[in-house]
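Participant: My questions all concern the structure below.
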Amino acid sequence: MAEIATALPIERRPLGWDGKRLKGMLDESERLLVETGRYYGVDSLTLKDGNPIYYEKIWSRLRGGIVGARETALNISASPIVREIGELCFALFTPEGDSITLSTGIMAHVHTMSEAIKHMLRSEYEEDPGIAHGDIFVNNDPQLGDVHNADVMEMLPIIHEGELIGWAAGVTHEIDVGAPQPASMPIGTVSRYEDGWILSCQKVGSNDQLHRDYENRINTAVRTPFYWLLDEKCRIVGCQLIRDNVLRLVQEEGLATYKTFIREVIEDTRRAFLANLELMTVPGTYRFPSFMDVAHSNDRDRMPEFAAVDSIMNCPLEVRIGADCSFELDLDGANKWGYHSFNCTPSGLQGGLWVGLSQTLIPNDKVNDGAYLATKFNTPYGTWANPDNPACSNTLSWMFLIPCFTGMFHALSQAFVGRGYVEEVVAAYPFTGNVTQGGGPNHVGNPNGAWSNFEHSCCGISARYVLDGETGCAAVWNPEGDMGDVEAWEQLEPLLYIGRNVRPNTGGAGKYRGGLGWESVRLVYNTPYQVMFNGRDGFVFQTSGLFGGYPGASGYRHSVKNTDMKERIAKRLPYPVRDQDPDNSQIEANVRGDVVKDQHCYHHPDLHKEYDIYLSLIAGGHGVGDPLERDPKLVVTDLDEGYLLERYAVPIYGVVAHPGQDGKWVLNAAGTAARRAEMRKQRLERSQSVEAWMAQTRPRVEKMDFIPAVRKMYRESHELSAKWRHEYRGFWGLPADWNPAAEA
Ligand code: MN
């Protein structure tokens with residue numbers, strides 16, 4: 001009688017070091033950090049101290065390999081988001097998922113990929129589905145390790161003689177995620193079930209090949225499978241290059257050296273973070289609130305009633321720097337998650353923290369999870385930062401995440417000034433908008449086209465302590481942002497660029513002003529229609545400037561529909577190439593049609609037909625210092641360059657100037673001094689003591705006499721945090737039983 005095969009579980013040899021299982025290695029790493037306070041319990045840096053040149057050589061080989069892999073791999077992608085503006089990033093991780101070194105690019109994801117790897121280890125992927133050389137894992141689930149599902153990450157194990165010695169991982173931002181609404185960051189979604197395709201740490205390939213069932217699924221899951229697949233290949237190739245580089249290094253330098261190095265380099269960075277913190281900051285508690293509008297009441301006809309409401313994000317960020325070099329971020333007092341796509345996950349916020357640190361306390365190439373391990377981040381359960389509803393939508397988490405971290409940049413900047421590191425100051429980063437997205441029948445015959453334009457990767461940078469911010473050059477999540485060539489975006493979309501201009505007045509005013517934003521004027525063309533989104537702050541200033549500087553301008557949307565553009569082009573009549581000055585806009589002068597102009601900078605998809613005009617306003621940075629202290633000559637230069645609209649020189653800066661013979665502006669120094677003296681006098685006359693203002697405002701606060709969105713915001717914060725309620729009550733001197741949450 002034939003023997004019946006039994007389905008016993010496959011016995012796998014543990015992949016960890018010294019016969020350990022991977023989950024055991026992760027547990028041990030976490031235990032050692034808690035017990036010793038040092039990464040993996042590393043005490044002395046034997047490799048670094050014993051042979052510093054050799055240590056640097058290994059570092060350079062690993063880091064160089066990753067930067068090189070990114071540069072090579074991005075050419076495989078066809079997506080302009082990846083190829084043109086470099087919206088990708090690679091990193092090398094320890095077997096437990098701690099980052100060792102990383103490439104340039106969207107560095108926010110180095111830590112989110114770490115979370116995803118740790119999720120696979122904690123879930124015992126070693127046993128099922130198994131981890132082998134040539135396996136390909138993919139994740140874009142923000143609850144496991146990501147910011148939003150548009151960022152898709154690939155993770156490849158690096159196995160040497162049966163032992164897992166690391167992970168190579170890479171991430172890119174996709175063009176479409178297969179949500180009910182087109183594009184990569186749908187707006188108007190109310191739950192995760194509308195967020196599109198979410199892959200939760202799935203094995204999608206073996207033997208360095210994608211599984212055929214996964215490739216089939218790509219074709220049916222998203223509107224732009226061609227881009228998705230080529231992006232996937234770009235990520236896989238980058239990871240393979242990194243894997244090969246590591247295996248070569250191990251072969252040449254020995255496994256023991258590699259194993260010692262990866263522990264030491266993370267502990268080294270943890271110590272460097274503490275040293276920088278001690279050197280550059282003043283211990284203390286720093287608090288900076290930020291806000292974001294969520295005005296969905298305009299979408300009543302498109303969204304369920306419970307979601308079509310106005311609300312505001314409350315982000316009372318507290319940064320605590322301890323005398324013992326502890327570094328803690330605390331979101332206690334944040335308000336509730338909502339039925340919109342801007343909710344964050346703790347993993348996403350860790351990504352934001354990571355990219356913020358890489359531009360402040362660890363501003364060099366030697367950045368890894370050592371810096372993360374030296375920090376703590378409280379994201380209270382039930383808030384927008386850690387929703388107690390597992391089905392929250394997250395597709396545009398950046399909408400909350402970016403303003404949230406303005407508080408950290410402000411706190412660090414203030415701390416830097418306290419220690420005299422004035423050149424490190426930055427008045428935070430503006431929201432990276434306008435995010436232009438859309439979808440519909442496109443010019444290459446796809447009836448379900450979808451696109452996400454990423455020129456917002458080039459916002460104005462905020463002012464520094466001693467100089468103006470730069471115009472259109474970076475994004476908080478990608479310090480090497482690039483706006484991309486117009487031809488690349490036109491190829492992706494069916495829209496034409498009819499103008500792209502630096503935008504006056506967009507940088508926040510100050511002694512040093514924020515870098516300017518800019519604008520694109522777009523014409524819907526070569527398609528019967530597109531549904532289009534805007535995406536940025538419209539009703540609130542997300543934050544203040546610093547030390548008396550003003551915030552950068554908030555945005556507005558401006559479209560003209562049912563236009564006469566076709567006729568204008570045929571008759572060679574003037575058409576709009578700039579908006580620039582809202583009171584004197586070419587878009588209004590040089591085209592006829594139905595004007596949509598308001599502060600609803602995000603909304604449910606809005607139908608635009610061929611020959612409709614769409615304006616995109618890219619944000620400028622925030623200012624530093626009192627505008628009345630700005631060197632008048634700099635204001636005159638701003639007038640000459642078209643960076644400041646002439647009618648604002650006097651009211652904002654008190655600078656009096658007139659146009660000269662040669663068309664250049666001429667400063668009236670005496671007039672300026674007199675005007676500024678008058679403005680200072682008016683300020684004094686207008687001012688009142690804080691006590692008087694609080695006494696006058698207290699009755700409004702007690703009755704919560706605010707617009708509904710503000711009332712909702714405060715009620716949620718009071719409901720979620722007794723500590724916040726207690727402090728708020730104490731600050732305003734309200735009765736002990738005062739509790740606005742109860743009467744909601
Ligand atoms: Mn992204």
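Bear in mind these aren't lab numbers, they're just calculated from the coordinates by the rules spelled out. Note that the structure is predicted; figures quoted are calculated from it, not measured. When we count neighbours, we look across all protein chains shown, and the Cβ atoms used for this are built from the backbone with ideal geometry, even at glycine.
Participant: As a footprinting exposure proxy, order LEU164, LEU396 by other Cβ within 10 Å, with the fewest listed first. Write out the running numbers ahead of the final one.
Facilitator: Values: LEU164 23, LEU396 26.
Going from sparsest to densest Cβ surroundings: LEU164, LEU396.
Participant: For the stretch 631-682, what is the relative contact order in percent, using Cα pairs closer than 8 Å and at least 6 residues apart in sequence? Walk me through the intermediate numbers first.
Facilitator: Numbers: 54 pairs, mean separation 17.2, N = 52.
Normalised by residue count, the contact order of the stretch 631-682 is 33 percent.
Participant: Long-range amide H contacts for HIS160: which residues qualify at under 5 Å (H placed 1.01 Å from N, peptide plane, sequence gap of 5 or more or a different chain)?
Facilitator: Here ILE165 satisfy the definition.
Participant: If you take the alpha carbon radius of gyration of the stretch 426-630 and divide it by 2.2 N^0.38 Å, what ratio comes out, to two decimals? Please report the intermediate quantities before stating the final value.
Facilitator: Working: Rg = 17.3 Å, N = 205, 2.2 N^0.38 = 16.6 Å.
My calculation over the Cα atoms of the stretch 426-630 gives 1.04.
Participant: Provide the gained length on full extension for the span GLU328 to ALA570, in nm with one decimal, where the gain is 0.36 nm per separating residue minus the Cα-Cα distance. Show your work: numbers first, answer last.
Facilitator: Numbers: separation 242, 0.36 × 242 = 87.12 nm, distance 6.20 nm.
Full-extension gain reported as 80.9 nm.
Participant: Still on this structure: If you average the sequence gap of Cα pairs under 8 Å that are 6 or more apart and divide by the length of the chain, what percent do you get for the contact order?
Facilitator: On the way: 1788 pairs, mean separation 86.7, N = 744.
Here the relative contact order equals 12 percent.
Participant: Given a Förster distance of 25 Å, report the FRET efficiency between SER206 and LYS20 from their Cβ-Cβ distance, rounded to the nearest 0.05. Each step should come with its number before you reach the end.
Facilitator: Numbers: r = 24 Å, r/R0 = 0.96.
After rounding, the FRET efficiency stands at 0.55.
Participant: Further question: So what's the angle, to the nearest 10 degrees on a 0 to 90 scale, between helix 108-122 and the longest Cα principal axis of the chain?
Facilitator: Relative to the chain, helix 108-122 is tipped by roughly 30 degrees.
Participant: Now, a different point. For the stretch 690-742, what does the relative contact order come out to in percent, with C-alpha contacts under 8 Å and a separation of six or more? Each step should come with its number before you reach the end.
Facilitator: On the way: 26 pairs, mean separation 18.6, N = 53.
The value is 35 percent.
Participant: Once a ≥ b ≥ c are taken as the square roots of the eigenvalues of the Cα gyration tensor of the stretch 690-742, is the result rounded (a/c under 1.5), prolate (a/b larger than b/c) or oblate (a/b not larger than b/c)? Each step should come with its number before you reach the end.
Facilitator: Working: a/c = 2.03, a/b = 1.27, b/c = 1.60.
Because a/c hits 1.5 or more and a/b fails to exceed b/c, the stretch 690-742 counts as oblate.
Participant: Now, a different point. Can you give me the long-range amide H partners of GLY449? Hydrogens built in the peptide plane at 1.01 Å from N, cutoff under 5 Å, separation of 5 or more residues or another chain.
Facilitator: Here the answer is GLY440, ASN442, since their amide H atoms fall under 5 Å of that of GLY449.
Participant: Also, I was wondering about something else. Compute the acute angle (0 to 90°) between the alpha-carbon long axis of helix 708-720 and the principal axis of greatest extent of the alpha-carbon atoms of the chain; round to the nearest 10°.
Facilitator: 40 degrees
Participant: Using Cβ contacts closer than 10 Å as the measure, can you line up PHE93, PHE706 from fewest to most? Could the numbers behind the result be given before it?
Facilitator: Values: PHE93 27, PHE706 14.
Fewest-to-most Cβ neighbours within 10 Å comes out as PHE706, PHE93.
Participant: For a quick check: with amide H placed at 1.01 Å from N, whose amide H comes under 5 Å from GLY105's, ignoring anything fewer than 5 positions away on the same chain?
Facilitator: GLU480
Participant: Here's another thing I want to ask about it. What list do you get for GLU305, GLU232 if you sort them by fewest beta carbons within 10 Å? Numbers along the way, then the final one.
Facilitator: Working: GLU305 7, GLU232 25.
If I rank by nearby Cβ atoms, fewest first, I get GLU305, GLU232.
Participant: How about LYS366: which lysines have a C-alpha closer than 26 Å to its C-alpha, ignoring those fewer than 8 places off in the same chain?
Facilitator: LYS48, LYS57, LYS118, LYS259, LYS376
Participant: Determine the calculated [θ] at 222 nm for the chain from helices alone, applying -39500 (n - 2.57) to every DSSP H run no shorter than 4 residues and normalising by the residue count; nearest 500 deg cm²/dmol.
Facilitator: Details: 21 runs with 257 residues, N = 744.
Helices in the chain give a 222 nm mean residue ellipticity of -11000 deg cm²/dmol.
Participant: What angle do you read, to the nearest 10 degrees and between 0 and 90, between the alpha-carbon axis of helix 212-221 and the longest principal axis of the chain?
Facilitator: 20 degrees
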